1. Can you name every residue in the range 468-477 that is surrounded by 14 or more Cβ atoms within 10 Å (Cβ to Cβ) and either over 19 Å from residue 181 (Cα atoms) or touching a residue at least 40 places away in the same chain (Cβ under 8 Å) (or both)?
2. Which one of these is farther than 18 Å from residue 143 by Cα and more than 24 Å from the chain's Cα centre (by Cα): 182, 167?
3. Output the number of the condition that residue 481 fails; it satisfies all remaining conditions of (1) touching a strand residue (DSSP E or B) at 6+ places or on another chain (Cβ under 9 Å); (2) surrounded by fewer than 17 Cβ atoms within 10 Å (Cβ to Cβ); (3) not in a loop (DSSP other than H, G, I, E, B).
4. Name the pairs: first residue in the range 525-551 and touching a residue at least 60 places away in the same chain (Cβ under 8 Å), second residue part of a helix (DSSP H, G or I) and exposed (fewer than 14 other Cβ atoms within 10 Å of the Cβ), Cβ to Cβ under 8 Å, at least 6 apart or on different chains?
5. If a residue has to be touching a residue at least 12 places away in the same chain (Cβ under 8 Å) and either assigned to a helix (DSSP H, G or I) or farther than 21 Å from residue 243 by Cβ (or both) to count, how many in the range 290-310 make the cut?
6. Filter the range 260-275 down to residues that are part of a loop (DSSP other than H, G, I, E, B) and in contact with a helix residue (DSSP H, G or I) (Cβ under 9 Å, 6 or more places away or on another chain) and give me whichever is nearest to residue 294 (Cα to Cα).
7. Could you tell me which of the residues 62, 15 is in a helix (DSSP H, G or I) and not assigned by TED's automatic domain parsing to the domain that holds residue 376?
8. Evaluate the range 123-136: report whether one residue or more is within 25 Å of residue 58 (Cα to Cα), touching a helix residue (DSSP H, G or I) at 6+ places or on another chain (Cβ under 7 Å) and either modelled with pLDDT of 95 or more or not assigned by TED's automatic domain parsing to the domain that holds residue 47 (or both).
């Protein structure tokens with residue numbers, strides 16, 4: 001095999017895109033490795049979205065120096081980081097980028113140095129590093145790469161050493177972290193990193209991998225920009241010359257209508273006659289088209305001559321412009337109100353999913369609620385901080401998996417930010433209702449809110465997505481499970497939510513319990529919540545029970561005990 005002594009901007013771009021695609025292809029596999037068998041185990045999804053953001057930033061960077069491209073990838077991962085696994089992945093690339101910041105290309109030595117820098121930075125980013133996690137995997141991968149780079153200048157051999165060492169380290173994670181051994185899985189974040197390093201090795205060794213980026217967020221942004229350019233300033237919808245924003249994706253050379261071999265110039269020139277704002281992007285298998293035209297049907301007919309239509313889309317821009325004009329007028333009215341309003345001294349930003357839960361936070365004093373149905377990225381949290389317009393900001397993550405992204409946002413934000421480390425919706429609501437004082441300063445609110453949330457017990461009921469054994473409790477796929485302060489303590493067969501909820505209450509209630517709050521979700525009902533309230537009163541008729549419609553997905557019941 002020919003010795004490869006450097007990684008250029010071309011190889012690096014392929015490596016990053018291949019890693020993003022590999023994570024996407026394996027997201028479900030990684031998700032299933034989560035220790036808790038709950039339906040929102042999303043390590044794979046979070047790592048996929050984080051890496052996709054890094055790949056987008058890398059593609060958008062015009063400089064070809066490896067140090068600059070690595071920095072762009074790192075910035076994209078940071079801004080797109082979701083969940084703790086995504087943040088740690090971003091820290092690995094941050095350390096990598098710092099180590100190679102002055103490099104034009106990467107040698108075997110500098111590639112290994114980048115991995116060593118990634119491991120060091122990742123460990124520093126975690127307050128209490130735990131072995132048997134993604135940290136173990138990156139450390140062992142970097143160490144192996146470092147040793148091989150001392151003897152070889154072949155980047156392929158170094159990449160192979162890193163990947164193989166990562167695989168071996170991943171296999172040891174259950175021996176290092178007892179809970180993994182009990183459940184019978186390897187670390188999910190570590191598995192994600194192995195997939196990234198495998199993609200790197202595959203690209204460098206010339207294996208067939210998917211490193212194309214035809215249908216991606218960067219291209220969608222480009223199309224959106226062209227669309228906006230085509231209609232900007234056209235306040236009168238009737239003045240738009242080409243009224244239909246038309247998009248299609250064609251799988252080339254297949255299908256019953258295929259008759260023309262693809263030639264870019266011929267394909268492009270015909271479409272150019274049909275309208276403006278034309279964009280044609282292709283590789284060997286797919287062509288993607290965006291054009292503003294009066295004849296969408298002719299665009300699609302042209303595509304059919306070259307293959308099979310995979311995706312089509314038509315938007316009436318005249319209608320859109322009329323709506324946009326009204327929205328712009330409304331925005332100006334709202335902006336005028338904000339300018340005339342007094343600046344906000346302190347804002348509380350909560351993360352929550354479910355319309356009812358969001359309204360509970362707003363009615364309790366939260367200024368903004370970030371949708372938590374998918375773990376928000378660092379950029380999402382930064383955007384909310386900026387949108388609040390406040391001089392000081394408090395964040396309620398309401399999920400431990402959001403802590404690290406919130407901390408990254410805190411470091412980026414231009415105003416002082418404090419994070420109340422609420423692990424549950426119940427803790428967040430209690431911290432806000434009991435501990436928040438709009439007239440107090442940031443430090444005082446942080447102290448009182450943190451103290452207040454310790455006074456509530458949090459419970460939830462959902463359905464297990466797989467078989468497992470956890471803390472000695474045998475759990476089967478489809479069981480209704482009750483979670484008490486981050487531990488699964490109840491498992492009832494046949495998705496018996498009602499029985500699981502009652503069993504959970506017996507675990508949560510004690511002589512000091514006074515108020516129980518039931519928040520029922522999208523998969524539950526008022527009647528089910530009332531049935532639980534009756535069961536609680538049978539346990540202790542002096543308890544006060546409140547019921548709210550939360551509308552939260554995946555969790556039929558949230559329960560708090562104070």
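1. Listed by number, the residues that qualify are 468, 470, 475.
2. That would be 182, the only listed residue that is farther than 18 Å from residue 143 by Cα and more than 24 Å from the chain's Cα centre (by Cα).
3. Evaluating residue 481 over (1) touching a strand residue (DSSP E or B) at 6+ places or on another chain (Cβ under 9 Å); (2) surrounded by fewer than 17 Cβ atoms within 10 Å (Cβ to Cβ); (3) not in a loop (DSSP other than H, G, I, E, B) leaves (2) as the failure.
4. 549/526
5. Counting residues in the range 290-310 that are touching a residue at least 12 places away in the same chain (Cβ under 8 Å) and either assigned to a helix (DSSP H, G or I) or farther than 21 Å from residue 243 by Cβ (or both) gives 13.
6. 274
7. Working: 62 fails: in a helix (DSSP H, G or I).
Exactly one of 62, 15 is in a helix (DSSP H, G or I) and not assigned by TED's automatic domain parsing to the domain that holds residue 376, namely 15.
8. Yes, the range 123-136 has at least one match.
The values are calculated or read from the model by the stated rules, or taken from the named source; none is laboratory data. Please read these numbers as outputs of a predicted model, since none were measured by experiment. In this analysis, Cβ positions are derived from the backbone assuming ideal geometry, glycine residues included, and neighbour counts consider all displayed protein chains.
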